[in-house]
Structures are given as C-alpha cells and as structure tokens.
Amino acid sequence: MSVEFNFDGKVALITGVGGALGSAVANAFVEAGTTVCGGDIIEPNTEDFLLSDPESVDFYQADFSDEDDVVDTIDAVVDEYGQLDYLLNIAGTWRGGTPIHETDADTFDFLFDVNLKTMFLASKHAIPHLRASEGAIVSVSARSSLEGGEGDGIYRASKAGVRLLTETIAAENPASVRANAVMPSVIDTPMNREMMPNADFETWVDPKDIADVLLFLCSDATTVTSGAAVPVYGEA
C-alpha cells in the first residue's frame, strides 16, 4: 500500500538539514509539496553537506545552539513566508566509547548543545508561530534514551531530554501545537557504516523510512497524537 501526503501551502523548518537524516526529511517534505526551509551550521556544497539538491530548500546557515542565530532564522522564515507550520528538530550527533568517569566535560557540553539545546531553542522560538498555524513539532530522540548503558551515557541522557521536552511541549500546548518524537536506533548512514564496518547493514533503518514517519506525524492523520515517542528502529 502506498501513501501520499499533500502539504501544499505549508512551511517547514528543518534543523540539521545537511545531515543524512535531515537530507532525507527535506527530500520527503519537498516531494509532498512543502516549502522547506533548512538550517545547518554546515554550508552547502561541502563534503559533509549531504543534501543532493540544496536549491530545493531555502537554506539558512545557523548554529541552532546559539539563541541569536535561532531567533534570526525563525524570524527570517516567518518574514519571508508569513507562517511556520512544522518544525523538524533533526540536528544531532553521537559520541561515546568511554565510561562516565573517563568522559570529558567538553563531551557533555557538546552533546547536550547539539542534541538537546538545539531542540529546546528551535522549539522555544517556533512555538508562538506554530500556535498560530496549529502546527506540529517532531524531534529526534533515540531508542537508547529509554535506559542507561555502557560507554555512551551522555548521549543517552541528552536524547532522553529530547523525549521529556517533547512531552512537556505537548502538555503545555494542548489543541494548538502537536509535539512528538521519533526514536531510531542505528540509522543506515555513511558515517555509521564507516564507524561500524563489520555490522549487518541489512538490519539498519533507511533514513527515507524515518522521513515518512515524520510526514505522517505532521499530517492530518495524527491530529489527536501529541506527546508520543514513536519507535522507528525496525530490526536494528
């Protein structure tokens, strides 16, 4: 069974748009007719910027852990298009390999900045506009955020924060802004393949499949769903 989404006339802002998942989400929303605005600290046409057609989105270079950059970007989007309907908090990264007593404080700051602070700041400044449009926020948590584990506790904690802030936003904005999160495990990205060359890639989830779930969570099919943490890890 195929499913089609029509988001003509809608405006979405995607953070981390140049990454593997952000690129897939941007492509999916563009194909659905959305006006896509993409933010990233990485510039287009560089090796780490993976969106194949940067011209398909209205790109804003910004550090979403910097509040001034976030305010400027969201104001620019709303000034240009007059509305904001969806915020997709995709910016994030993984670091691990050391137990807590060997983990540098800089690693803690970095992971909480990239994974949680970006989500907090983008949501904070998007919510007033999303209330006006009765829009939606979808953020990326992680399956591993559900429990502690060896070697990447800081990452898990930052992603647990994404899940809890999602629940909080949903509770604070009933009937005006839907807020949900997705929980991937290992995503089939070039970086993950490089980091784990001996893994079974066949069990990993394609970013395009996760992008379809984000479309669903922004669609009218989920108008009664808010505060959810949706598994998107398949067999990974």
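The values are calculated or read from the model by the stated rules, or taken from the named source; none is laboratory data. On a predicted model such as this, the values are computed, not experimentally measured, just so you know. FYI the Cβ positions are ideal-geometry reconstructions off the backbone, even for glycines, and counts take in every protein chain you see. Note: areas computed on protein heavy atoms with side chains; ligands, DNA, RNA excluded. Shrake-Rupley method; radii C 1.70, N 1.55, O 1.52, S 1.80 Å.
Diffusion coefficient of the range 76-201 by Stokes-Einstein, Kirkwood radius over Cα pairs, 20 °C, 1.002 mPa s: 136 µm²/s.
Here the label points at GLU55 and ARG131, each 7 Å from Cα along the C-beta direction, are separated by 4.0 nm in the simple model. Taking 4 °C and 1.567 mPa s as conditions, the range 11-232 diffuses translationally at an estimated 74 µm²/s according to Stokes-Einstein applied to its Kirkwood radius (Cα pairs).
Expressed as a whole percent, the accessible area of the range 54-102 that falls on carbon and sulfur atoms is 41 (1.4 Å probe). Full extension of the chain segment joining ALA175 with ASP66 gains 36.3 nm, where the gain is 0.36 nm per residue of separation less the Cα-Cα distance. GNM on the chain, alpha-carbon springs under 10 angstrom: the most fluctuating residue among LYS124, LYS208, LYS159 is LYS124.
Output the relative contact order of the chain, whole-number percent, from Cα pairs under 8 angstrom with separation of 6+ residues. The partial results should precede the final answer.
Working: 469 pairs, mean separation 45.0, N = 236.
Computed value for the chain: 19 percent relative contact order.
Over the chain, DSSP H runs of length four or greater, each weighted -39,500 (n - 2.57), average out per residue to a 222 nm ellipticity of -11500 deg cm²/dmol.
If the chain linking GLU194 and THR168 were pulled fully straight, counting 0.36 nm for each residue of separation and taking away their Cα-Cα distance, it would gain 5.8 nm. Considering the zone a paramagnetic label at THR46 would reach in this model (a point 7 Å from Cα along the Cα-to-Cβ line), which residues of the range 6-34 have amide N under 14 Å from it? Of the residues in the range 6-34, 16-19 have backbone N under 14 Å from the label point off THR46.
Between ILE100 and GLU235, what FRET efficiency follows from the Cβ-Cβ distance if R0 is 35 Å, with the result rounded to 0.05? If you can, show how the numbers build up before the last one.
On the way: r = 30 Å, r/R0 = 0.85.
Working from the Cβ atoms, E equals 0.75.
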